[in-house]
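The structure appears right after this line, and notes come after that.
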Amino acid sequence: MIAIDDVLVSEDIVEKHFICNLDACKGACCWEGDYGAPMTQKEADEFEKNKEKILPFMDEAGKEYLFKNPTSKYYKAVKMLGTPLLRNKRCVFLTFDEKGFGLCGIEKAYKEGALPFNKPVSCHLYPIRVLKNEAQGFEAWNYDRWDICSEACKLGKKHKLPIHRFVKDAIIRYKGQTFYDALDAYYIDHYPNNE
């Protein structure tokens, strides 16, 4: 583990490679799984407050759900607040482009300037998963291996892009430039042959 401030980072995050390959998976991480993407209460509040700005970037199924329901859901089984899922288990914010690739309605709204914030940081950081230990005052970052991302691993390996560099913007958004720089310095010091 790599210790930076109050965070324990799995070595896999600097050692393993990853680049999302939408040509292969079509964005399947947004419709596979039993629960929505984790979100903070602050994110849930922001999404709810800005629901009207997000709706134009949603497809009909997502709009229909959000007209009647909040933008977040509490999953009792895992004690987690997350994005709601539709009946077919896809994220309520999922939309599709003309090629059939899954896109996030929140991210689309952000990129087009309709929102001042992006999708949930848990989505932005993926394949990193953050586990917080409030009692002991630290968090652990782990690499979430998922078979639907096997082509992303191959593409990342081909281009020699470690996970932490793939999600650089998300890490900076979540923890700041100084944190990212410390993590990247560790990578450069400990994996010089990968540079």
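Pairs are defined by a Cβ separation below 7 Å, a sequence spacing of at least 6 or placement on different chains, a first member in segment 70-88 that is exposed (fewer than 15 other Cβ atoms within 10 Å of the Cβ), and a second member that is of a type in the set (A, V, I, L, M) and in a strand (DSSP E or B); the pairs so defined are Tyr74/Leu81.
If you take the residues in segment 151-168 that are touching a Gly at 6+ places or on another chain (Cβ under 9 Å) and assigned to a helix (DSSP H, G or I), which one is surrounded by the most Cβ atoms within 10 Å (Cβ to Cβ)? Quick ask: steps written out before the conclusion?
Keep residues of segment 151-168 that are touching a Gly at 6+ places or on another chain (Cβ under 9 Å), which gives 162-163, 166.
With assigned to a helix (DSSP H, G or I) added as a condition, the list becomes 163, 166.
On the way: Ile163: 27, Phe166: 23.
Among residues in segment 151-168 that are touching a Gly at 6+ places or on another chain (Cβ under 9 Å) and assigned to a helix (DSSP H, G or I), the one surrounded by the most Cβ atoms within 10 Å (Cβ to Cβ) is Ile163.
Report yes if some residue within segment 16-32 is in contact with a Phe, Trp or Tyr (Cβ under 8 Å, 6 or more places away or on another chain), outside any helix (DSSP H, G or I), modelled with pLDDT under 95 and β-branched (Val, Ile, Thr); otherwise report no. Within segment 16-32 (the criterion being in contact with a Phe, Trp or Tyr (Cβ under 8 Å, 6 or more places away or on another chain), outside any helix (DSSP H, G or I), modelled with pLDDT under 95 and β-branched (Val, Ile, Thr)), the answer is yes, since at least one residue qualifies. Of all residues in segment 100-118, those being in contact (Cβ under 8 Å) with a residue 40 or more places away in the chain and either surrounded by 14 or more Cβ atoms within 10 Å (Cβ to Cβ) or touching a helix residue (DSSP H, G or I) at 6+ places or on another chain (Cβ under 6 Å) (or both) number 12. Residues in segment 97-112 that are hydrophobic (A, V, I, L, M, F, W, C) and touching a Gly at 6+ places or on another chain (Cβ under 6 Å): Phe101 only.
The values are calculated or read from the model by the stated rules, or taken from the named source; none is laboratory data. Here the structure is a predicted model, which means the values were calculated and not measured. So basically every Cβ, Gly included, is an ideal-geometry build from the backbone, and we count neighbours across all protein chains shown.
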